[in-house]
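Rule-based calculations on the coordinates, nothing more; no lab input. This structure is a prediction, so every number in the text was calculated from the model and none was measured. Cβ coordinates were reconstructed from backbone atoms using ideal geometry, including for glycine residues, and neighbour counts include every protein chain displayed.
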Amino acid sequence: MRQPFPAAPVAPGHASPLQAVRRDADPETVARSIVARLDRLPATRYVWTIVFLLSLGGCFEFYDLFMTGYVAPGLIASGLFAKASTSIFAMDSIASFVAATFIGLFIGTMGLGFLADRFGRRRIFVVALLAYTAASIAMAFQQSALGVNLFRLLAGLGLGVEMVTINTYVAELMPKDLRGRAFIITQIVPYCAVPVVALMSWWLVPQHPFGIDGWRCVVLASAIGAAFVWLIRLGIPESPRWLVARGRLDEAQRVTEQIERVVEREYGAALPRPVPNEHRAPTTERRFVDIVRAPYLKRTIMMSVFNAVSVIGFYGFSNWIPSLLASKGFGLVHSLQYSFLMSIALPLGPAVFFYFADRVERKWSLVGSSGAVAVFGLLFAGQTGSAGLIVFGFCMNLSLTVMTYSFQTYQSELYPTEIRARAIGFVYSWSRLAAIFSGFLVAFFLRDFGATGVFYMISGCMVFVMLLIGVMGPATKGRALEDINR
């Protein structure tokens, strides 16, 4: 198995970490030992490198999701989509393009999340990224709205599986005291793709470089980037927690030892002694149906409803920024320019929150950021000048990123390892399903009530999810995954 860095030999005078538990010990003891050893790993370059490489895969979901709004004017200008369709459900409406994206994401998260639980985290995030690359290349060369929507849906399938698997892996690998900061990185890195796609769209969408529609170049850029990321992530090891859950203890021991050796070399001293614990280590006893039984039923309802409602606010703003600005009288170039300036906030939000991530209880950061989205959304709606729109749009994007970090971390902590990918996929998929209709909902409000009506709807959704998480959410900060999921 290839590793991002070669495994370092055990330093003279240092006992191998595996000597703490005999290889012929009973499986339960070995499993508990592996979990405890992972939870005591210090923060070193090797650990953060794995998180960074995983996070690069998330860049393409963010790139594609925000690209939806940015290339929409180009799709209309190319004649593939109509500026004013006879129905918002028409195949050549921009709302259908938005819907195709989220139908693919919904199928990928709801229907294919089981693949990561069945075949492993590493194998699936490799295959999913390749599938996304192929579908994106095909989409860039389509000559009809139907063709664009079809391959947009297929690209969404790959992205849906990819994101579920990344979140699952990060939750399982990272020590309990670093989990929040690790998820911050999984947001900072992907959000850096948003200013990139905004800038490229601003530059390319109105142009025809080499006689090619600018929006096609924007799509091809993501496919090329995904192929490169696929290559450099091949050395990431399998999740030891998943190996334990599948009963592959010898392999879990080897992977854990490889990780420990590199971490110890970078740490410059013997690793801290694993803290004994009494929790039950993962086994293969869990079944997917457990997510609708106590104690997980309450969590499943809470996160499913949260995902379904909050996404209306998130994508109602993110995917429709150029259109919302156009409704206020701004032209194509200025709409894309202002969208780019607002998008700079997206990687900054998680970066600012990095040092607080493991100090603030996850549920309360989720409640607070949702409230901020509601407030800044209403302030944005009341602006008519470019300066006010940029400032409050910037603040809204900042709040949206903290909200996204908080719920991605939170829902990844709420389920046991044996069914974590499927459970995350299930609750997350409701956001994809809701997003399919959110485009049509926003189109309706924008047509009949203007941009102000859209933002009143968004703020109402945010107030609802604040109450939902504040009342129903359990605490997770600083707790081992196995303790959260006894």
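If you project the alpha carbons of the stretch 24-78 onto the principal axes, what extent comes out on each, in Å, largest first?
Principal extents (Cα only, largest first): 68, 25, 13 Å.
Can you give the direction-averaged projected area of the convex hull of the alpha-carbon atoms in the stretch 359-474, in nm²?
Working: hull surface 32.3 nm².
The directionally averaged projection comes out at 8.1 nm².
In whole angstrom, and with the biggest value first, how far do the Cα coordinates of the stretch 339-387 range along each principal axis?
If we take the Cα atoms of the stretch 339-387, the spans are 38, 20, 11 Å.
Listed highest first by mean packing, meaning other Cβ atoms within 10 Å per residue, what order do 417-430, 29-42, 137-150 come in?
417-430, 29-42, 137-150
Calculate one ³J(HN,Hα) per residue across the stretch 352-368 by plugging θ = phi - 60° into the Karplus curve 6.51 cos²θ - 1.76 cosθ + 1.60, and present them in order as whole Hz with x for glycine and proline.
In residue order, the calculated couplings are 5, 7, 3, 6, 10, 4, 9, 10, 9, 4, 4, 5, 7, 5, 5, 5, x Hz.
Sum -39500 (n - 2.57) across every DSSP H segment of at least 4 residues in the chain, then divide by the residue count to get the 222 nm mean residue ellipticity, nearest 500.
Calculated at 222 nm, the ellipticity per residue is -23500 deg cm²/dmol.
Against the globular-protein guess of 2.2 N^0.38 Å, express the Cα radius of gyration of the stretch 195-245 as a ratio, rounded to two decimals.
Compactness ratio reported: 1.78.
Tell me the angle of helix 296-318 to the major Cα principal axis of the chain, expressed in degrees between 0 and 90 and rounded to the nearest ten.
The angle comes out near 40 degrees.
How big is the stretch 112-233 on each of its three principal axes, counting only the C-alpha atoms and giving the largest first in Å?
Principal extents (largest minus smallest coordinate, Cα): 51, 28, 23 Å.
So what are the ³J(HN,Hα) numbers for the stretch 189-206, from phi and the Karplus equation (6.51, -1.76, 1.60; θ = phi - 60°), rounded to whole Hz, Gly and Pro as x?
Running phi through 6.51 cos²θ - 1.76 cosθ + 1.60 with θ = phi - 60° gives 5, x, 5, 5, 6, 5, x, 5, 5, 5, 5, 4, 5, 4, 7, 9, 4, x Hz.
Can you work out D for the chain in µm² s⁻¹ from Stokes-Einstein, where Rh is the Kirkwood radius over C-alpha pairs, the temperature is 10 °C and the viscosity is 1.306 mPa s?
D = 69 µm²/s.
Just give me a number: lysine pairs in the chain, eight or more positions apart or cross-chain, with C-alpha atoms less than 17 Å apart.
5
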